[in-house]
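The values are calculated or read from the model by the stated rules, or taken from the named source; none is laboratory data. Nothing here was measured: the structure is a model prediction, and the numbers come from that model. Because the Cβ atoms are built from the backbone with ideal geometry, glycine has one as well, and the counts that use them run over all protein chains shown.
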Amino acid sequence: MDHGLFLEYTLHADGAHLVRVLGDTPCPALPDEVDGVPITQLGAYAFSASQHKIRPGGEVHTACIGEPPASAQPLCGSFLEQVRLPAGLQVMGNAAFYDCRRLEAVTLGPAIRSVGSDLFTNCRCLARFTVLAAPGDVTGLRPVLGTVQNDLRLTFEPAGEVLAALHYPEFWEELEENAPAHLFNRGIHGRGYHYRQCFARGVVDYAEYDSVFEVALAEEDPAMLAALALDRLRWPWALSETARTRYTEYLRRDPARAAEPLIRADDAEGLRALCGLGVFTRESLAAAERIAQAAERPQAMAVLTAHRRTAFGVKKKTYSFD
């Protein structure tokens, strides 16, 4: 169902700057332009819980996109769950999503060139980015990723089809005291920060990204690493044979762990991709089947049963009377 939206915006030489959005859906899909003008900037506090801090930079215009909603309210704060931003958006203002505590997913284009401070502060549920670009395109992802410290899964989908998927583990910062000198140094923990630096001239550096895995093995959650490995193998954009072998061997250690989130999400396609890697033994496949049975996921069980027949099916006995 399409939901109508009211857009409040100001006009500038570079296009329309979005002030705020009103409607009745927690999952708005914003248009790329308004009244024929491309939307290039997202104003400060536009979706935040602090709507009273919005300060428009000019005369505010209003446009209705789609059918007028039956009841319109500011789409902000904890009401917001997902948002599709304009594909040509270039600037995301300060605290644009501040305190959006239920925000889970954001779709954005490749043109981002500037992000404000506190952009996603307190967005503790934010876990998915979808990028409307090819995996080898120049994007503004690096500064955007740096504003989110949560575990993130990012997919490149220029035309609605996933071409690559990357995971960015959580990282956190804290002040560490150098007691003898009475000084404080900023400490950064977690490989997520390192992963977020894997860019070269605005393009993801996949070789560097894959090289971080060996270090991450000692520090990161095995379930997250299994998901990362599977996604790199499932959509192997710029994947070297060395990295392919490393990821495959990791999944072979405990394929049931990689299967569990797919089973619980009833992701039959992902489960088939995992089975297709040939990482299961009889024992690990049985463990995955037990998870599917306990979770009451018949579709996942069907995929696992089919794989058991294909990979470990009992050969028919042959008899000779010679």
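Give segment 33-62 a look and list any residue that's within 28 Å of the chain's Cα centre (by Cα), assigned to a strand (DSSP E or B) and among the aliphatic types (A, V, I, L, M), or say none. Working first, answer last.
Quick first cut of segment 33-62, residues within 28 Å of the chain's Cα centre (by Cα) only: 33-34, 38-51, 54.
Filter once more, so that each one left must be assigned to a strand (DSSP E or B): 33-34, 38-42.
Passing the criteria: Val34, Ile39, Leu42.
Condition (residue is under 22 Å from Pro28 (Cα atoms) and at pLDDT below 95) applied to segment 160-175: is it met by at least one residue? Break it down stepwise before answering.
Start the filter on segment 160-175 by keeping residues that are under 22 Å from Pro28 (Cα atoms), which leaves 160-162.
If we keep only those that are at pLDDT below 95 as well, we get 160.
The answer is yes; a qualifying residue exists.
Could you check, for segment 277-298, whether at least one of its residues is modelled with pLDDT of 95 or more, in a helix (DSSP H, G or I) and within 13 Å of Leu233 (Cα to Cα)?
No, there is no match, as no residue in segment 277-298 is modelled with pLDDT of 95 or more, in a helix (DSSP H, G or I) and within 13 Å of Leu233 (Cα to Cα).
Quick check on segment 63-71. Is at least one of its residues farther than 30 Å from Thr155 by Cβ and assigned to a helix (DSSP H, G or I)?
Checked segment 63-71: no residue is farther than 30 Å from Thr155 by Cβ and assigned to a helix (DSSP H, G or I).
With respect to the numbered conditions (1) in a strand (DSSP E or B); (2) over 20 Å from the mean Cα position of the chain (by Cα); (3) under 19 Å from Gly146 (Cβ atoms), which one is the sole condition not fulfilled by Asn94?
So the condition that Asn94 fails would be (1).
Going through segment 225-272 one residue at a time, which ones are outside any helix (DSSP H, G or I) and within 15 Å of Ala302 (Cα to Cα)? Walk me through how you get there before you give the answer.
The first filter runs over segment 225-272 and keeps only residues outside any helix (DSSP H, G or I), leaving 235-240, 254, 265-267.
Residues satisfying the conditions are Ala265, Asp266, Asp267.
Looking at Leu103, Leu108, Leu80 in this structure, which one is within 17 Å of Ile39 (Cα to Cα) and buried (at least 18 other Cβ atoms within 10 Å of the Cβ)? Break it down into steps so the answer makes sense when it comes.
Details: Leu103 fails: within 17 Å of Ile39 (Cα to Cα); Leu80 fails: within 17 Å of Ile39 (Cα to Cα).
Exactly one residue qualifies, and that residue is Leu108.
What are the residues in segment 196-223 that are at pLDDT 95 or above and of a type in the set (Val, Ile, Thr), if any?
Within segment 196-223, Val203, Val204, Val212 qualify.
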